[in-house]
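The values are calculated or read from the model by the stated rules, or taken from the named source; none is laboratory data. Remember, it's a predicted structure, so these values are computed and weren't measured experimentally. Reconstructed Cβ throughout: ideal geometry from the backbone, glycine too, with neighbour counts over all protein chains shown. For the accessible areas, the whole protein counts, side chains as well, though only heavy atoms, and no ligand, DNA or RNA atoms are used. Shrake-Rupley method; radii C 1.70, N 1.55, O 1.52, S 1.80 Å.
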Amino acid sequence: VTNPLAGSISPDETRFICGPWPILGKPRMFGMKRIDLATGKGEIICEVEDMINPHAQINPGNRDEAMLQINRGGINDPSKDMHSFVGPLGATLYHLNVSTGKVTPLAAGRPWTPGCTGHETWIARTGELAFTACQVNVSPSSFVTYAEPRPGEEWMPRSAIYGVRLGDEKPRIIAKDRLFNHIAISDDGKYFIAEDNIDMRIYVGNVSDG
């Protein structure tokens, strides 16, 4: 048994989800647990491959809706460097129905965008997620610089803030042309806050038009 890396409480404060939980006999499979906060009883509600760092977040406007990050091809091994934490495909995002345990891939990460950075958040209570994705090189000391696009990905912005909902065929671009990394959204869902890893400045922008 390991301690979960990520957890989130529903907006009505009745349930808590947390993970990842290794699945016995399934080396690359990890589970998310839903805990009833009134009774303390919990159960694994889904199993997802490569969910080694789920960044679980319940939608602040919907107790049944949560986001999960999937580090495709990643290896959770402290003896390895950070580059092994995600495979060549890069990270992506899944939608989780907290009541049923159904998981659905979202249009985030390849083939729609470069790999997700691992920084994402709900856009207030709109049901839309904001995430950053970029073509980058990361040094052993975590210094981030632009990388050349991969073959076939020249059409993608090198870095952008994206928005995506369950059911979208592709994400929308909220803002681009800066090496955005961490992302936060105002409580009313109107503004984003993100830092540019090139000029080291904090930027505030409009979620509707960048």
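Pairing each residue of segment 194-210 that is in contact (Cβ under 8 Å) with a residue 24 or more places away in the chain with any residue that is assigned to a loop (DSSP other than H, G, I, E, B) and open to solvent by 50 Å² or more (accessible area, probe 1.4 Å), provided the two are 6+ apart or on different chains, yields C-beta distances under 8 Å for Ala194/Arg178; Ile198/Arg178; Tyr203/Arg178; Val207/Lys190. Do the conditions hold for Gly109, that is, is it open to solvent by less than 10 Å² (accessible area, probe 1.4 Å) and in contact with a Ser or Thr (Cβ under 7 Å, 6 or more places away or on another chain)? Judged against the criteria, Gly109 is a match. Restricting Thr132, Thr121 to those that are under 16 Å from Arg178 (Cα atoms) and outside any loop (DSSP other than H, G, I, E, B) reduces the list to Thr132. Among residues of segment 177-193 that are without any contact (Cβ under 8 Å) to a residue 60 or more places away in the chain, those with a beta-carbon under 6 Å from a residue that is open to solvent by 30 Å² or more (accessible area, probe 1.4 Å) at least six positions away or on a different chain give the pairs Leu179/Ile198; Tyr191/Val204; Ile193/Ala184; Ile193/Val204.
Select from segment 58-77 the residues that are surrounded by fewer than 21 Cβ atoms within 10 Å (Cβ to Cβ) and at pLDDT 95 or above and write down the one among them that is nearest to the chain's Cα centre (by Cα). Among those that are surrounded by fewer than 21 Cβ atoms within 10 Å (Cβ to Cβ) and at pLDDT 95 or above, it is Glu65.
Pull up segment 1-12, narrow it to residues that are over 16 Å from Tyr94 (Cα atoms) and without any contact (Cβ under 8 Å) to a residue 60 or more places away in the chain, then point me to the one that is most open to solvent (accessible area, probe 1.4 Å). It would help to see each step written out before you state the result.
First pass over segment 1-12, keeping only residues over 16 Å from Tyr94 (Cα atoms): 1-5, 9-12.
Applying the additional criterion that residues be without any contact (Cβ under 8 Å) to a residue 60 or more places away in the chain yields 1-5, 9, 11-12.
Numbers: Val1: 179, Thr2: 65, Asn3: 135, Pro4: 52, Leu5: 107, Ile9: 95, Pro11: 66, Asp12: 70 Å².
Out of the qualifying residues, it is Val1.
Could you tell me which of the residues Lys41, Lys80 is basic (Lys, Arg), at pLDDT 95 or above and either within 14 Å of the chain's Cα centre (by Cα) or open to solvent by 50 Å² or more (accessible area, probe 1.4 Å) (or both)? The unique qualifying residue is Lys41.
Of the listed requirements (1) assigned to a loop (DSSP other than H, G, I, E, B); (2) surrounded by 14 or more Cβ atoms within 10 Å (Cβ to Cβ), Val48 misses just one: (1).
Annotation for segment 13-34: no member residue is over 25 Å from Ile185 (Cβ atoms), out of contact with any helix residue (DSSP H, G or I) (no Cβ under 6 Å at 6 or more places or on another chain), open to solvent by 50 Å² or more (accessible area, probe 1.4 Å) and hydroxyl-bearing (Ser, Thr, Tyr). Consider segment 141-200 and keep the residues that are among the hydroxyl-bearing types (Ser, Thr, Tyr) and surrounded by 14 or more Cβ atoms within 10 Å (Cβ to Cβ). The one that is nearest to Leu93 (Cα to Cα) is Tyr162.
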